[in-house]
1. Identify, by number, the condition in (1) under 23 Å from the mean Cα position of the chain (by Cα); (2) assigned by TED's automatic domain parsing to the domain that holds residue 249; (3) part of a helix (DSSP H, G or I) that residue 169 doesn't meet.
2. Restricting attention to the range 44-58, does a residue exist that is surrounded by 14 or more Cβ atoms within 10 Å (Cβ to Cβ), within 25 Å of residue 113 (Cβ to Cβ) and free of Cβ contacts under 8 Å to residues at least 40 places away in the same chain?
3. Does at least one position in the range 260-271 carry a residue that is buried (at least 23 other Cβ atoms within 10 Å of the Cβ), modelled with pLDDT under 95, at negative phi and under 22 Å from the mean Cα position of the chain (by Cα)?
4. Can you name every residue in the range 322-345 that is in contact with a strand residue (DSSP E or B) (Cβ under 6 Å, 6 or more places away or on another chain) and assigned to a helix (DSSP H, G or I)?
5. Before we move on, is residue 281 in contact with a strand residue (DSSP E or B) (Cβ under 9 Å, 6 or more places away or on another chain), assigned to a loop (DSSP other than H, G, I, E, B) and surrounded by 24 or more Cβ atoms within 10 Å (Cβ to Cβ)?
6. Does the range 407-429 include one or more residues that are in contact with a strand residue (DSSP E or B) (Cβ under 6 Å, 6 or more places away or on another chain) and farther than 18 Å from residue 162 by Cα?
7. Please verify whether residue 27 is loosely packed, with under 12 Cβ neighbours inside 10 Å, outside the structural domain of residue 433 (by TED's automatic domain parsing) and either modelled with pLDDT of 95 or more or assigned to a loop (DSSP other than H, G, I, E, B) (or both), treating the condition exactly as stated.
8. Do we find a residue being free of Cβ contacts under 8 Å to residues at least 12 places away in the same chain and over 18 Å from residue 275 (Cβ atoms) anywhere in the range 308-329?
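The values are calculated or read from the model by the stated rules, or taken from the named source; none is laboratory data. Source: prediction; values computed, not measured. Cβ atoms come from the backbone with ideal geometry, glycine included; neighbour counts cover every protein chain shown.
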């Protein structure tokens with residue numbers, strides 16, 4: 001069960017009205033600052049640098065030159081208010097600085113002061129402001145109250161993406177010596193060891209051998225969990241949580257059963273045993289490249305034919321949208337699979353071709369709903385069909401269970417609410433924010449529980465699954481209500497027979 005809260009749990013809203021505005025409600029919330037060692041691991045200053053105000057503005061200027069969209073987003077806002085109540089953190093906290101437009105203005109005010117004529121000549125008239133320590137403190141607090149979910153961009157008539165502004169602010173802070181411990185420590189572990197958890201090769205092999213034993217004991221069939229096998233068809237790149245934690249590990253067991261039954265040889269790499277790329281959350285293309293380069297090197301070293309990503313939301317966004325530019329070209333892969341695939345694409349194709357068969361009655365003790373994870377829903381795609389990222393997960397679930405119901409149409413697909421723990425915020429020092437940010441998704445879940453008897457919510461993102469397992473008890477739901485899609489597949493698959 002969740003630890004007893006030291007903060008008020010927001011009440012479910014009866015009419016889904018916008019929250020009462022509570023200025024400063026989350027002014028106390030901020031994550032731990034990265035230590036000098038964490039900063040040094042990524043090549044950032046270990047403490048606030050001298051003349052940081054000037055250097056921060058210079059870094060903003062560099063980002064504006066590299067990212068034309070950032071300048072457009074900073075120039076375009078007309079304060080129409082369309083985004084005001086679309087942020088889960090504003091809904092859950094009532095803090096006006098968690099309105100997307102207000103969060104944007106923390107950076108926009110500095111942009112206008114230094115990069116627009118009106119801001120230089122008439123700063124007060126256009127909301128322009130010099131960057132001082134008070135404003136920097138607000139940057140650190142409120143840009144770490146943005147999960148970069150991009151829901152606000154769906155409703156903005158100009159398509160302004162707060163995530164881009166949030167990433168820019170975090171990148172500037174890292175470069176002047178004010179980084180976030182959680183993200184930077186994780187990225188450093190990937191650079192040194194190959195995964196977010198710092199799990200060394202012997203521990204990884206031992207874990208995979210243990211899973212082999214567990215599955216054979218349960219099914220009587222030997223299902224391999226290979227590590228560093230050269231010449232395998234598939235390099236599986238999955239979040240490291242899949243190796244050890246519930247409900248993630250049941251998803252990994254599902255992947256293995258699918259590959260086994262379809263006769264597909266596969267392996268994970270001890271050198272690149274991590275799908276997640278937390279460098280995206282701090283806005284650093286350089287760090288993203290270093291993480292992605294490990295995957296390329298692993299694929300080359302093992303001589304695989306294709307790359308398949310496991311159930312992780314932002315990992316799939318990076319793979320689908322950025323991996324070629326980060327670490328391509330991937331011209332050494334099988335021409336039939338020139339780009340990474342999502343495990344759900346693979347499984348769905350195998351189901352449709354009859355290569356694997358599922359017994360849906362194996363999941364008759366469950367009534368399922370599905371949570372669309374933000375980076376899958378709004379930042380990537382699956383398959384060749386428009387909207388495949390919404391269609392394919394539901395097709396796989398419906399092939400695995402007999403009882404499925406979607407949540408309210410206004411809270412799924414591209415309008416999905418964030419779990420509340422994404423964007424590098426999945427840390428216990430932000431538990432209050434995470435719990436309050438989960439409110440809109442918990443409300444949508446409560447609706448299908450009350451009206452349709454839903455017992456489980458499936459998700460295909462490691463962060464979502466970890467977040468929900470932690471915050472659900474605060475709202476009266478059991479933590480084991482969250483489940484991996486491939487756990488459903490693994491429980492339903494008919495091993496050893498195609499009949």
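1. Of (1) under 23 Å from the mean Cα position of the chain (by Cα); (2) assigned by TED's automatic domain parsing to the domain that holds residue 249; (3) part of a helix (DSSP H, G or I), only one is false for residue 169: (2).
2. yes
3. No, the range 260-271 contains no residue that is buried (at least 23 other Cβ atoms within 10 Å of the Cβ), modelled with pLDDT under 95, at negative phi and under 22 Å from the mean Cα position of the chain (by Cα).
4. 343, the sole residue that qualifies.
5. no
6. For the range 407-429, residues in contact with a strand residue (DSSP E or B) (Cβ under 6 Å, 6 or more places away or on another chain) and farther than 18 Å from residue 162 by Cα: present.
7. no
8. yes
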